[in-house]
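Beneath this line is the structure, given in structure tokens, with notes to follow.
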Amino acid sequence: MKPPPFEYYNPTTVDEALSLLAEHGYDAKPLAGGQSLIPIMNFRLAQPAVLVDLNNISELSYIQPDEGGGLRLGAMTRHHQVEHDPLIAERAPLIFEAMPMIATSQIRSRGTFGGSIAHADPSAELVAVSVALGGRFRLRSQSGEREAAASEFFLGMFATLLEPQELLVEATFPAMPARTGWALMEVARRPHDFALVGVAAVLSLDDQDRCQDTRIVFLSVGDGPVTAHHAAEVLRGQAPTPELMRAAAETAAADDIDPSSDIHASAAYRRHLVKVLTRQALELAFERAKL
Amino acid sequence: MSDLYQLSITVNDTEYQRAIEPRILLSDFLRHDLDLTGTHVGCEHGVCGACTVLFDGHPIRSCLMFAVQADGHHIQTVEGLGSPDNLHVIQKAFWDAHGVQCGFCTPGILMTLVPFLENNPDPDEAAIRQAISGNLCRCTGYQNIAEAVKLAAESMRT
Ligand SMILES: Cc1cc2nc3c(=O)[nH]c(=O)nc-3n(C[C@H](O)[C@H](O)[C@H](O)COP(=O)(O)OP(=O)(O)OC[C@H]3O[C@@H](n4cnc5c(N)ncnc54)[C@H](O)[C@@H]3O)c2cc1C
Ligand code: FES
Ligand code: FES
């Protein structure tokens, strides 16, 4: 269980990294925290001929406020930095709450925000959370830059819009509107394990306590982040009474997901968890939105 | 074989220069190139925690980093903690509270605890269990490890 040989490059600027990726194309992979890529290489499930290490590119590591009340995160910002950052706690509390659920402290020391997004594991908290928060990603290659909404970026199991010669350079999150509540609920064997099922909910109320906008996104129930459109429709324009939130949760479990069975949980159990967790998440998000 | 990479790394305050292949994991580099076999290797995919060392003060999995990435950085391993006749406070507490059976998991747990106890001088049981939850132990059932951490925290405070 040792990684196969590869050529190693250690650029210090984004431009340098992009020119290496352009040169080596499909043979190359960027190396961020390595907390997903290196285990995969140790198992020889991936054998990239070239690794472009991003760890010495300091311009990719930052957490900054934007003028609109949102924030911007450089792709190489590490999980443990995000976990302790007061600006994240203030402006993106859903991200803040997700951090301790992501692996153990030793893995959060190295793992990065951008790596988690680019890897697109359907069980990754930050993937679901980014969609629920209406995040956007900046992608750059030698030929230019483009932006994608989180809701369009994830294409399936470990698949995204990223081209081999492209880097994810930044994630941005808009300010949460007033009277918005959030919740992240999951069931995992241990708090930091990959969840059997998780749900991120963001709920905005109008001035009469009716649901103006609801985003419910699941992790670990499909090939990517799964958005509960039917459940959101149940809540739209309505006062979120306990009965209505229960109905929305039931709709989510029945109509919004198509989970599969694996060694960790059966499809039926996942469906059950979706129902319970969605209701709990909506209740908490509603409580927080009212404050 | 790919090209050798010239590496300069500080481990337990000693600087080492070596020429290595980029694919060498930090865990293997410590054990095979530097003969620092206190760092153990269990799973090589980040799950067991036996290979935990400090990288610039932060706990990391040395099986999930290439040694070339540690070029210019500081690593601390269990060998830098104490010696048989001069145990570190945490090692002493593991001895006194019987927190060690076969000892395979112990170096990883000790290295996890060094920064944890620095930042949490008076942790409760739940915080302790959370802190060591990334380190598997097949022998102790964790009870005496948790006791040892409490004892260590107490000794470090006084
Ligand atoms: C034991 C264990 C438990 C874990 N538990 C969880 C968990 O519960 N929840 C969770 O969310 N994660 C978990 N993880 C994964 C962890 O969060 C990883 O850090 C993360 O998935 C990948 O981030 P990384 O920075 O390590 O990326 P890497 O492993 O370096 O890269 C991952 C992939 O993304 C590509 N990539 C990385 N950065 C970029 C970029 N900027 N642009 C383009 N491509 C890029 C790489 O080429 C590679 O293909 C766990 C990992 C381990 C080992
Ligand atoms: S050997 Fe590194 S975590 Fe198991
Ligand atoms: S003492 Fe044997 S594995 Fe922990």
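The values are calculated or read from the model by the stated rules, or taken from the named source; none is laboratory data. Bear in mind that the values here come from a model prediction, so they are computed numbers and not experimental data. Cβ: placed from backbone, ideal geometry, glycine included. Neighbour counts: every protein chain shown. Ligands, DNA and RNA are stripped out before the accessible areas are found, and what is left, the full protein with its side chains, is counted by its heavy atoms. Shrake-Rupley method; radii C 1.70, N 1.55, O 1.52, S 1.80 Å.
Descriptive notes on the structure:
- Folded to 0 to 90 degrees: helix A:242-251 orientation relative to chain A principal axis, Cα: 50 degrees
- Note on B:Glu15 and A:Val276: their simple-model spin labels are 5.8 nm apart, each label 7 Å out from Cα toward Cβ.
- Shape category assigned to the range A:180-290 from the gyration tensor of Cα positions, a/c cut at 1.5: prolate
- In a fully extended conformation the segment linking A:Glu163 and A:Phe43 would gain 40.8 nm over its present Cα-Cα distance, using 0.36 nm per residue.
- Reachable lysines from A:Lys2, criterion Cα separation under 23 angstrom, eight or more residues apart if same chain: A:Lys29
- Cα shape, the range A:60-190, gyration tensor, a/c 1.5 rule: rounded
- Using alpha-carbon coordinates, inclination of helix A:14-24 to the longest axis of chain A, degrees: 70 degrees
- Of the residues B:Asp35, B:Asp56, ranked by 1.4 Å probe accessible area with the largest first, the sequence reads B:Asp35, B:Asp56.
- Residue-level accessible surface for B:Thr112, protein heavy atoms, 1.4 Å, Å²: 10 Å²
- In the complete set of protein chains, residue-level accessible area for A:Met176 is approximately 50 Å², probe 1.4 angstrom.
- Chain A: relative contact order in percent, alpha carbon pairs under 8 Å with at least 6 residues between: 15 percent
- Positive contributions from Lys and Arg (+1) and negative ones from Asp and Glu (-1), summed over other residues with Cβ under 11 Å from the Cβ of A:Asp85, come out at 0.
- Chain lengthening between B:Cys43 and B:Arg157 when straightened (0.36 nm per residue, less Cα-Cα): 37.6 nm
- Looking at the range B:1-66, none of the trypsin sites (Lys or Arg not before Pro) sits in a DSSP loop with at most 11 other Cβ atoms within 10 Å of its own Cβ.
- 12 Å beta-carbon shell around B:Tyr5, net charge (K/R +1, D/E -1): -3
- In plain terms, the chain from A:Ala175 to A:Leu291 could stretch by 40.1 nm, reckoned as 0.36 nm per residue minus the Cα-Cα distance.
- Farthest toward positive dipole pole in the range A:62-173 [+1 Lys/Arg, -1 Asp/Glu at C-beta], among A:Phe154, A:Ile117, A:Phe173: A:Ile117
- Overall form of the protein assembly as shown per C-alpha gyration tensor (a/c, 1.5; a/b vs b/c): oblate
- Spin-label model distance (nm) - A:Glu233 vs A:Met1, 7 Å beyond Cα toward Cβ: 4.6 nm
- Counting only alpha carbon atoms, the long axis of helix B:143-157 and the longest principal axis of chain B meet at about 90°.
- Applying both filters, DSSP loop and at most 10 other Cβ atoms within 10 Å, to the GluC sites (Glu not before Pro) of the range A:163-208 eliminates every site.
- Whole-Å distance, taken between Cα centres, linking the range B:139-154 and the range A:83-111: 27 Å
- Estimated FRET transfer efficiency (B:Asn119, B:Asp56; beta-carbon r; R0 25 Å; 0.05): 0.95
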